[in-house]
Amino acid sequence: MAEQIKLAAGAGLLEREAELRVARLALDSLAAAGESTGARGRLLVFTGAAGLGKTSLLARVREEAAARELLVLSARGGEQERLSAFQVVRNLLHPLLAEVGEEARRAILAGWYEILAVALGLADDGVAPVAAPDPQGIRDGLDWVVTNLAVSRGPLVLVVDDAHWADAESLAWLASFASRVEDLPVLLVFGYRPDELPAGSEAFQAMAERDGGGPLGLSALTPEAVAVMVREMYSAPKIQAAFCREVWAVTAGNPFETVELVTKAQERGLPPVEASCPLLREVAAATKGSGLVARLERLGRSATRLAHAVSVLGIHTPLDLAASVAGQTRAEAADAVEKLRLARILTGHQILEFVHPLIATSVYRSIPAEQRTELHARAGWALLDAGRGPGKAARHWLEVPPQGDDAVVEQLRSAARLFMKAGAPETAQRCLDRALREPPSPLQRAGVLFELGYSTLLYDPVATAGHLRAALAEEGLAEELRQSIIVRLAQALAHSNRLLEAAETTADAAKSAESHQAWLRLQVWNLMWCAFDADERGSAARSARLAALAERIEAERDRSVAGRYILGLRAWDAVVRGEYKDTVTHYADLALEGRGLTWTDEEWAFEVPLLTCLTYMYTDQPERCEQLFAKGIAEFEDAGWRGAHLSFAHTILGYARYRYGNLADAEGRARLGLEIANRVGEGLPVHWYAVGTLITVLVARGSVAEAVALADRYDFHAPYSAAVVFPDAQTVRGGMLLLAGDPGQAAAELVGAGARLDAREMSNPGWCSWQRRLARARAELGEAGPARELAADALVRAERFGADSSVGMELRSCARFAEGQERLALLERSVTVLSRCTAPFPQALARLDLAQALRADGQSDRARSELTRVLELAEECAATALAEQARIELAGSVR
């Protein structure tokens, strides 16, 4: 029997010389990467129907990789494990992490330990991080860990067999990581059945095409190869060719089925001669499907029960666990295992697996429905009793029909919390959906609905709103839970562009709040969603209410979280309304006193800390703004919030850099923000920020055509987002159209932006420069009078706000519509004011205008001096088009 098993393993390698040659070349190239830095990472994908030898081929790849002293990480998907998040990833890294102590594990995972701990099964709910990482954070962490292993311990060969059964989270990471292995000492080797890849795996399916080759499909064996196998397995002196040909015909050249058929033919005593051929199909029928099931049942009830338990538990099943689920003693289970091993159904002694996945599938599907339900229920409790945790047991509850069991509901809720902290929200949602169908008791139902809504908040705010409204309808809600439901409901409504409903929801709830702190918390959310609503009515009244509340909080020295958020909102409101900059700074400083504002507190929004940070940008304090951004981005990264949250942070930091720093860095940050947003999904609110910022920077650098193409690619036009974003999307589009040579359409956009913002008394030109751009558009349309009035009014507003950057830009705008000495005086004032703050790009623009005015006034020497300074500033801030213009004008002034 041992020899037969050895032949079975080798059978998968017959007629696989071409595939082995490709694999060996890749392994040799990878081994050379350990001695040089020029090798590229590679991807090998082997596909084919079940039984064609993918597993044998991948086993040989692992053996030859080990012989070359390469680091090997391997795992395979399992039909019963597909709903267990990150199961394949855990199996890849488990051997490496299990053989070392806690200190060494932390060294391997480094700063990613807390983020990855739950996903990798290294932490339970009691020690998991407070903030749940998002899926992108988990993928980034896995990228870093595996890359570090490849560089520090590799070269690395990562092998995944039966990838068609990999869980969705692992499959998504594998597809993502495969696109990043170029220039890494990594070889990825995957095997799967192409017709059985699950829905949603398009990225994984497309992965194999990235190297330009495509998957290597395994074909059935030829009659000649099957004849070789028959002759190797039979010890008879004479083997007739007709018998070999019939084996090939019956099995269609499938290596696994060939081995099974010949083995059973030998057990039946069939000689390898032509006379035995009519019996081969009968023998083949007994090796699969109903024939396999009948053969299993002939082994007895004990063996059948154990095989059923292993098929339910899945790959790598410990004997003790299988015995528990089968309801057997350890001795009874061990005896059953021996029978199953001799029958070539199971393999292993302490860790049990089926000889082939085809057998596992047939056995599982043969279990009567009622018995299968019972086994899954037993498996769930057995896993919990064995200390495996609710996350491991959850997949079994998903297979058990609802029975109104409160204990099952609690286990599913616990599993959902773990999956959220593992960065697997979709798996958490499956658990909570199932808990809802149990159904939960009246005391549990509101909590389940709230948790279900929370799990979908960032991905499906419409569904979230439905779950949370249902939760609110439950009777007997505890006040704290009710308030949390209302806050999340308002978030969901806001994320669905229903900001008025979000504001009304929190306002209504505040009327019946049972405590001052509860009332204050609801005020924060109400005021924030009001402030973000582009169509808000009563903006002035809301601002007055916010100002009075902030004064009261300041007087009472209330430094609670809610109090600090109110102060931060007051600072931001002062910015957009154009109140004096010292008022802005006063409230921002108060908000950040003591513990300050945390960007990753899941009970509060990150928007207010971010807005408070930006107040320092608008009041010409870039160092403070940078300091707060660095802290916020570090918080996001440490918490594993590397999706939409990190996209916002990088994008808006790019906008800040555009305002007072380097345009090249600003463009890089905006592109990074957009890249992250694209990895999260399409058409999300974060895209408005990223695209608007990138367009703004591209226009400043002179890349107007690219900006227009970007706007077209992302549908950056009306209807605009209901939330007021910065930079204001309609104003950005108007400015882009102006420089693209369409002042008429630009003016229409800018008039719309101005009407909307002025109606809400959001009048700070330093925050939104629609007047400055509209004035230029009016001038190009020949409307000099209105243009001059717009510029003058913007200057009045800027001086009321008092920030040098804003005043300096509006002085330059006014100079555009003046002549002679008045123009010179305005430009000199603009340059002087802009020199007092960190604003190299606006200062360079003002100095260029000044140089041109000086040359027109006959002051050529001063003009050249200004142009030289323009060139220095433009190069300093990477304003490419402006620097080139300064060079041209300098060259002309020399002649």
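Looking at this structure, is VAL159 out of contact with any Cys (no Cβ under 9 Å at 6 or more places or on another chain) and modelled with pLDDT of 90 or more? So VAL159 fits the description; yes. Is there a residue being under 18 Å from the mean Cα position of the chain (by Cα), open to solvent by 30 Å² or more (accessible area, probe 1.4 Å), under 14 Å from LEU93 (Cα atoms) and not polar (S, T, N, Q) anywhere in segment 171-182? Among the residues of segment 171-182, not one is under 18 Å from the mean Cα position of the chain (by Cα), open to solvent by 30 Å² or more (accessible area, probe 1.4 Å), under 14 Å from LEU93 (Cα atoms) and not polar (S, T, N, Q), which makes the answer no. Please indicate, with yes or no, whether at least one residue in segment 793-811 is open to solvent by less than 30 Å² (accessible area, probe 1.4 Å) and more than 20 Å from ARG659 (Cβ to Cβ). Scanning segment 793-811 turns up no residue that is open to solvent by less than 30 Å² (accessible area, probe 1.4 Å) and more than 20 Å from ARG659 (Cβ to Cβ). Looking only at segment 350-367, filter to residues that are assigned to a loop (DSSP other than H, G, I, E, B) and at pLDDT 95 or above; which one of those is least open to solvent (accessible area, probe 1.4 Å)? Top of the filtered list is ILE367. Of the residues in segment 437-448, at least one is buried (at least 24 other Cβ atoms within 10 Å of the Cβ) and under 27 Å from the mean Cα position of the chain (by Cα).
The residues in segment 258-275 that are closer than 20 Å to LEU221 by Cβ and either assigned to a helix (DSSP H, G or I) or at pLDDT below 90 (or both) can be counted, and the count is 9.
Is it fair to say PHE190 is touching a helix residue (DSSP H, G or I) at 6+ places or on another chain (Cβ under 8 Å), open to solvent by less than 10 Å² (accessible area, probe 1.4 Å) and assigned to a helix (DSSP H, G or I)? When the stated conditions are applied, PHE190 does not pass them. So, of the residues in segment 832-846 that are in a helix (DSSP H, G or I) and in contact with an Asp or Glu (Cβ under 8 Å, 6 or more places away or on another chain), which turns out to be surrounded by the most Cβ atoms within 10 Å (Cβ to Cβ)? By that ranking, first place goes to LEU834. Residue check: ASP167 meets all listed conditions (1) modelled with pLDDT of 95 or more; (2) of a type in the set (D, E, K, R); (3) open to solvent by 10 Å² or more (accessible area, probe 1.4 Å) but one, namely (3). For the residues LEU597, LEU628, LEU590, the requirement of being open to solvent by less than 30 Å² (accessible area, probe 1.4 Å) and either in a loop (DSSP other than H, G, I, E, B) or in contact (Cβ under 8 Å) with a residue 40 or more places away in the chain (or both) singles out LEU597. For segment 485-523, the candidate set comprises residues that are in a helix (DSSP H, G or I), among the polar types (S, T, N, Q) and without any contact (Cβ under 8 Å) to a residue 60 or more places away in the chain; within that set, the residue that is least open to solvent (accessible area, probe 1.4 Å) is THR506. Of the residues making up segment 95-119, those that are among the β-branched types (Val, Ile, Thr) and either in contact (Cβ under 8 Å) with a residue 60 or more places away in the chain or not in a helix (DSSP H, G or I) (or both) are VAL100, ILE115, VAL118. When segment 47-68 is examined, which residues are found to be without any contact (Cβ under 8 Å) to a residue 24 or more places away in the chain and more than 13 Å from VAL159 (Cβ to Cβ)? Within segment 47-68, just ALA67 meets the criteria. When every residue of segment 320-340 is checked against the conditions, none turns out to be surrounded by fewer than 17 Cβ atoms within 10 Å (Cβ to Cβ) and at pLDDT below 95. Checking every residue in segment 689-707 against the condition of being under 25 Å from ASN497 (Cα atoms), touching a residue at least 24 places away in the same chain (Cβ under 8 Å) and either within 15 Å of the chain's Cα centre (by Cα) or open to solvent by 20 Å² or more (accessible area, probe 1.4 Å) (or both) gives at least one match.
Is it true that some residue in segment 225-236 is at pLDDT 90 or above and among the hydroxyl-bearing types (Ser, Thr, Tyr)? Scanning segment 225-236, I find at least one residue that is at pLDDT 90 or above and among the hydroxyl-bearing types (Ser, Thr, Tyr), so the answer is yes.
For LEU452, the conditions (1) hydrophobic (A, V, I, L, M, F, W, C); (2) at pLDDT below 95; (3) closer than 16 Å to THR427 by Cα are fulfilled apart from (2).
Scanning segment 426-464 for residues that are among the aromatic types (Phe, Trp, Tyr) and outside any helix (DSSP H, G or I) gives a single hit, TYR459.
This table checks each residue for (1) at pLDDT below 95; (2) open to solvent by 60 Å² or more (accessible area, probe 1.4 Å); (3) not hydrophobic (A, V, I, L, M, F, W, C).
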site	(1), (2), (3)
GLY77	no, no, yes
GLU114	yes, yes, yes
GLY121	yes, no, yes
VAL146	no, no, no
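Taken over segment 300-320, the residue count meeting the criterion of being within 34 Å of the chain's Cα centre (by Cα) and of a type in the set (A, V, I, L, M, F, W, C) is 3.
The values are calculated or read from the model by the stated rules, or taken from the named source; none is laboratory data. This is a predicted model, so every value here is computed, not measured. Virtual Cβ from ideal backbone geometry, glycine too; neighbours counted across all protein chains shown. SASA here: full protein model, heavy atoms, side chains in, ligands and nucleic acids out. Shrake-Rupley method; radii C 1.70, N 1.55, O 1.52, S 1.80 Å.
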